[in-house]
Structure formats: C-alpha cells, structure tokens
Amino acid sequence: MIANLLQKIIKNIGRVMVGKQRPIELLLVTLLAEGHVLIEDVPGVAKTMLAKCLAKSIGGSFNRVQFTPDLMPTDITGFNVYDQQSAQFSFRPGPVITHVLLADEINRTIPRTQSSLLECMEERQITVDDKTHILPRPFFVMATQNPIELEGTFPLPEAQLDRFLLKSSLGYPDQDEEIQILERFQKKDPFQEIESVAAPEDISRLQQDRRNIVISNPVRRYITDIVLATRKHEAIQFGSSPRGSLGLMRAGQALAALRGRDFTLPDDIKELAVPVLAHRIILAEQDKLRGSRSDHILKEIVDKIPVPTA
C-alpha cells in the first residue's frame, strides 16, 4: 500500500522532472519520515519546480518564501492585527500555514528569521503573542541554499541544520536529459497538466504506517555504531546527536516502505547515512583548513563499520 502510492507520486513528478529519480526518492523518504529537507545546489536546476510538483501530487497547499536580509519572523509565521470595529485582535496567517513550504535561499536571511522556523519544523506549530496555532498535516519544509554565492549570507547554525532530516542536491542533467527537458518544455509547461494522485490525509496515514516498519536489534546497533563513530573520529570535533540516530532510523523505515518491504535492512541505513548525518557533524578546524569534507569523512566511517548479516 505504502509503496504503491509512493510510486504513483514518483511517476507523477517524473512527468515534469527529467532524470531526478534519486532526489525525488530522497524527497519522499523525508516526507514519509515526517522530516524536512535541505537542498544545496546552484540556481536553475528545478528546485522550486520539484517542491511545486510534490505539493500538487499530494493534493496539498504550497507556499514559497524568498528569504532576504530584511525578512522578519512575522513575515513567515503571521501576526495579529487590531480590528477597530470589533475591538479585537485577529490573526493574519503567514506562508508557513501550508502543507509544503519552500524556504528559498534560507541562508540569505538573518539568524533571527531563520530561527522562526525551528518551532514549526520540530513541533508542527507556531506561537504568536503567546497563542499557539497548529500547522496543517502533513507539514513539509524544503529549504534551499546556493553553495556558490556566499557574500551577504548567514550560514545556518547547527541547531537549525539539525532540524533537517537530510541534505541533498539535484545536480546538473546530462546531455540526453537536457535534450529531453528542451523537448518537454518546448510547446507547453508539463506542470500545468499533472493532477493530484493523493490527498494530504493519505500522506498522514502513510506516515503513521511507516512507524510500523520493523527495525531489528542488529539494525538498531548498526545505526548507533555509525553515530558513535562520528563522535570518536579524530577529524570530527562534534559528532551527530541522538536526533541523528532517530532521523537515520526513521529514514531507513521510509526507504524500506518505498521499496515495498515491512522491515528495514542494514543496506537501507548504509545508503542513507551520508545524506542524513553529514550535515550534522562539525569538523575539527585543522581538517577544515586541509579542505576535508564531512560527507567524504562520513563515507569513510560507514565503509569501515561491518554491516550486520543476520
């Protein structure tokens, strides 16, 4: 049931997106695991289109926020307005009240505004003037940042990065894929032709069903072996937190469900370890100066840890 509906969504998005099977799968793994995704890539590789296609495929609402240095927290969460006729305050909801939120170039706004997403990403609610507003379910944040232009940016703090289940990229298409893009968009916009293949209630139900995917003791130990190794590696100043362990477990369950299984394999964990954990570790200063990368170091860690066979 889970796999059938997810494959319909993948196929539906694929009617617009060309050659993005892996990023689309990671996007759905994140959604199914009730997480959020950070996509770091250059402009023009269809990050916005991917978010719009996902929202339309699941029949959900979609809002996009362009993060800029003058953006304020209330521009995201909403604010209260005083009505003189009724002598009462009324809440004007911000763009965060949606199913799919695209936080475009999130590293271009000030830390105060970045932190306004912490509560909604973790607790699925916002608090404005001491009043709590529950967000729609499912609630999914897809944030983007440009890895090239660093001038005028505010790097995401570790607490913010830790709220993203995984970090991914889309990458450039190869020549054949780019030819297909030109053909597909020459006379019409295929996004206008896709229909919803699911409803938000379906996704919420699948998220609950995902919790029942079996995680065996050897797989749990394998997860903790990887996470503990990040805390002991000489090139890493701060390893992954327990939130990383939980995220890796949930992502593993989601990937197993996507592939039609009711149990998680160690290979699921191994495949997802880098996208789930690499952005959660902080390298030692001398290794940063040497040009070391967290994803490369994490891959070395994973390759050295024995994979459970039973």
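Structure data summary
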{"item": "Any hit, the stretch 3-14, residues being part of a loop (DSSP other than H, G, I, E, B) and either buried (at least 19 other Cβ atoms within 10 Å of the Cβ) or assigned by TED's automatic domain parsing to the domain that holds Ala103 (or both)", "result": "no"}
{"item": "Lone qualifier among His133, His99 - being touching a Phe, Trp or Tyr at 6+ places or on another chain (Cβ under 9 Å) and touching a residue at least 60 places away in the same chain (Cβ under 8 Å)", "result": "His99"}
{"item": "Every residue from the stretch 231-274 that is at pLDDT 95 or above and among the β-branched types (Val, Ile, Thr)", "result": "Thr264, Ile269, Val274"}
{"item": "Residue within the stretch 16-31 that is assigned by TED's automatic domain parsing to the domain that holds Pro95, surrounded by 18 or more Cβ atoms within 10 Å (Cβ to Cβ) and out of contact with any helix residue (DSSP H, G or I) (no Cβ under 8 Å at 6 or more places or on another chain) present", "result": "no"}
{"item": "Among the candidates Ala256, Ala229, residue that is within 20 Å of the chain's Cα centre (by Cα) and outside any loop (DSSP other than H, G, I, E, B)", "result": "Ala256"}
{"item": "Residue ranges of helices (runs of 4 or more DSSP H) in the stretch 22-122 with at least 3 members within 30 Å of Lys8 (Cβ to Cβ) and in contact with a Leu (Cβ under 8 Å, 6 or more places away or on another chain)", "result": "47-57"}
{"item": "Residues being in a helix (DSSP H, G or I), surrounded by 14 or more Cβ atoms within 10 Å (Cβ to Cβ) and either of a type in the set (Lys, Arg) or out of contact with any helix residue (DSSP H, G or I) (no Cβ under 9 Å at 6 or more places or on another chain) (or both) - total across the stretch 268-304", "result": "4"}
{"item": "Every residue from the stretch 119-158 that is aliphatic (A, V, I, L, M) and touching a helix residue (DSSP H, G or I) at 6+ places or on another chain (Cβ under 7 Å)", "result": "Ile126, Val128, Leu135, Val141, Met142, Ala143, Leu156"}
{"item": "Matching residues, the stretch 212-240, being among the small types (Gly, Ala, Ser) and out of contact with any Lys or Arg (no Cβ under 7 Å at 6 or more places or on another chain)", "result": "Ser216, Ala229, Ala235"}
{"item": "Residue in the stretch 80-95 that is in the same structural domain as Phe164 (by TED's automatic domain parsing), within 18 Å of the chain's Cα centre (by Cα) and not small (Gly, Ala, Ser) present", "result": "yes"}
{"item": "Breaking point among (1) touching a Pro at 6+ places or on another chain (Cβ under 6 Å); (2) under 19 Å from Thr109 (Cα atoms); (3) among the aromatic types (Phe, Trp, Tyr), for Tyr222", "result": "(2)"}
{"item": "Candidates Ser204, Ser245 - the one that is in contact with a Lys or Arg (Cβ under 7 Å, 6 or more places away or on another chain) and surrounded by fewer than 20 Cβ atoms within 10 Å (Cβ to Cβ)", "result": "Ser204"}
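Condition check ((1) basic (Lys, Arg); (2) surrounded by 13 or more Cβ atoms within 10 Å (Cβ to Cβ); (3) in a loop (DSSP other than H, G, I, E, B)) across all residues:
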residue: His133; (1), (2), (3): no, yes, no
residue: Arg137; (1), (2), (3): yes, yes, yes
residue: Ala143; (1), (2), (3): no, yes, no
residue: Pro147; (1), (2), (3): no, no, yes
residue: Phe154; (1), (2), (3): no, yes, yes
residue: Gly171; (1), (2), (3): no, yes, yes
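Every residue, every condition in (1) under 28 Å from Arg250 (Cα atoms); (2) of a type in the set (A, V, I, L, M, F, W, C), yes or no:
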| residue | (1), (2) |
| --- | --- |
| Val37 | yes, yes |
| Asn63 | yes, no |
| Gln66 | no, no |
| Thr77 | yes, no |
| Ser86 | no, no |
| Val96 | yes, yes |
| Val100 | yes, yes |
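The values are calculated or read from the model by the stated rules, or taken from the named source; none is laboratory data. Everything numeric in this text was worked out from a predicted model, so none of it was measured. Every residue, glycine among them, receives a Cβ derived from its backbone with ideal geometry; neighbour counts consider all protein chains shown.
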